[in-house]
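Please treat every number below as a calculation from the coordinates, not as lab data. Remember, it's a predicted structure, so these values are computed and weren't measured experimentally. When we count neighbours, we look across all protein chains shown, and the Cβ atoms used for this are built from the backbone with ideal geometry, even at glycine.
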Amino acid sequence: MSGNLSTTDSGLGADSSADSSADSSKDTAPVRAGEELPLDNLAKYLEGKLPHDTTSLQLQQFPGGHSNLTYLLRIGQQEYVLRRGPLGPVAPKAHDMAREFRILKSIHPHFQPAPNVYLLCEDLAVLGCVFFIMERRQGKIIRDSVPPQFQTVPDFQGRISRAFIDCLSTLHSVDISTPELAALGKPEGFLERQVKGWTERWHRSQTTLLQGMDRIIHWLANGIPSPLAPTLVHNDFKLDNMMFQFDDPSRVAAVLDWEMTTIGDPLVDLGLTLCYWQLGSISSLGKDAGLYNRAQFLAHYEVKTGRDLSNIRWYEILGIFKLAVILQQIYFRYHQGQTKDERFAHFDVRVAALVNSAVNLLEETS
């Protein structure tokens, strides 16, 4: 299956010019109608909390992403990123900005690609929502094409592939014994909770009958493997949630979108990442992109980590299942009239395609 299946936010500082004197707003756009923020309230709240004169505050929006809303704050020559949840009702425990702030605050000292955070606001009187202010990273996000400047670099395909896998491997090697990281999740029963929790999300957001989904859920629940030793799990690790240095595709500038991060079996991360790699951004780059195929991807990760990947198919099917549920949750909001964003109008078609992909993979595995 082809097409970009990106489901969450990306674009925090994406595609900015490598020339520091250039206008860095090229990756932003005017704020979408209905998603404006009360600038006077925001400027007043930030006064004294950031080391700048907030009366000069300017606001633009990062247009990428399908859920959380992300804005560029410019105060004089200084830039920040503001993150808030989506408009309208959301699934329970989803889009928790306070949790994402605390995750980044805990992880940043141990994992440099995680941006730093500065300020969390839980006072709904300011913007009508919980939001936080974070560091603005500069770099290039790869979406549906390889940037021209990378195409002139020798073996750019291998460099991008290795940098991506190495970054995931490094995340999975972070020492989680420190109290602030250990508090991010409960690894006991992690896989069982994954299946149960995502099944419940599916039933809450279901708008039509998909018989294949019942088969997937039954297969996952009855085949849970013995988990590996727990690590940090990003839970949305994909190519367009990563920024590369402008002049070097082998160097990662940032990893974005940490709201679902927890502690658990690292192969849950790997399985979902493989789904994105094969079904999402990579396939939309075209067959000639030359990035690592599935076998090369797994071989490199296995060498870097030494982990047993014999049960990886179960994790891949879990990953496709989760992607389908995420898209269904977004479509449900559109179906219920909770958002009028026309980008979501045909997400039900994408959900059905993902279910078919999972069923096909299940049959190959049986």
Could I have the simple spin-label model distance between GLU192 and GLN336, label points 7 Å from Cα toward Cβ, reported in nm to one decimal? 2.9 nm
Net charge, ASN116 excluded, C-beta distance under 14 Å - Lys, Arg +1, Asp, Glu -1: +2
Give me the one-decimal nm value for the distance between modelled label points at GLN77 and GLU364, 7 Å along each residue's Cα-to-Cβ direction. 5.3 nm
Using alpha-carbon coordinates, inclination of helix 312-335 to the longest axis of the chain, degrees: 50 degrees
How high is the FRET efficiency between SER173 and ASN222 when r is their beta carbon distance and R₀ equals 41 Å, given to the nearest 0.05? 0.80
Net lengthening on full extension, ASN116/THR208 (0.36 nm per residue, minus Cα-Cα): 29.0 nm
What's the tally of Lys pairs in the chain whose alpha-carbon atoms lie under 20 angstrom apart, where the two lysines are 8 or more places apart or on different chains? 14
Ordered by packing density, taken as the mean number of other Cβ atoms within 10 Å over each peptide's residues, highest first, how do 80-86, 242-248 rank? 80-86, 242-248
Can you compute the FRET efficiency between LEU87 and SER310 using 1/(1 + (r/R0)^6), with r the Cβ-Cβ distance and R0 = 51 Å? Round to the nearest 0.05. 0.70
According to the square roots a ≥ b ≥ c of the eigenvalues of the Cα gyration tensor, what is the shape class of region 24-135, taking rounded for a/c under 1.5, prolate for a/b larger than b/c otherwise, and oblate for the remainder? rounded
Tilt, helix 211-221 to longest principal axis of the chain (alpha-carbon atoms), in degrees rounded to tens, equals 80 degrees
Between helix 156-171 and the chain, what is the angle of the helix's C-alpha long axis to the longest principal axis, kept within 0 to 90° and rounded to the nearest 10? 90 degrees
If unit charges are put on Cβ atoms (+1 for Lys and Arg, -1 for Asp and Glu) and the dipole of region 211-363 is taken about its Cα centre, the option from ILE312, MET213, ALA254 lying farthest towards the positive end turns out to be MET213
What FRET efficiency do you get for HIS346 and ASP53 if R0 is 56 Å and r is their Cβ-Cβ distance, rounded to the nearest 0.05? 0.80
What helix-only [θ] at 222 nm does the chain give? Using -39500 (n - 2.57) per DSSP H run of at least 4, over all residues, to the nearest 500, the answer is -12500 deg cm²/dmol
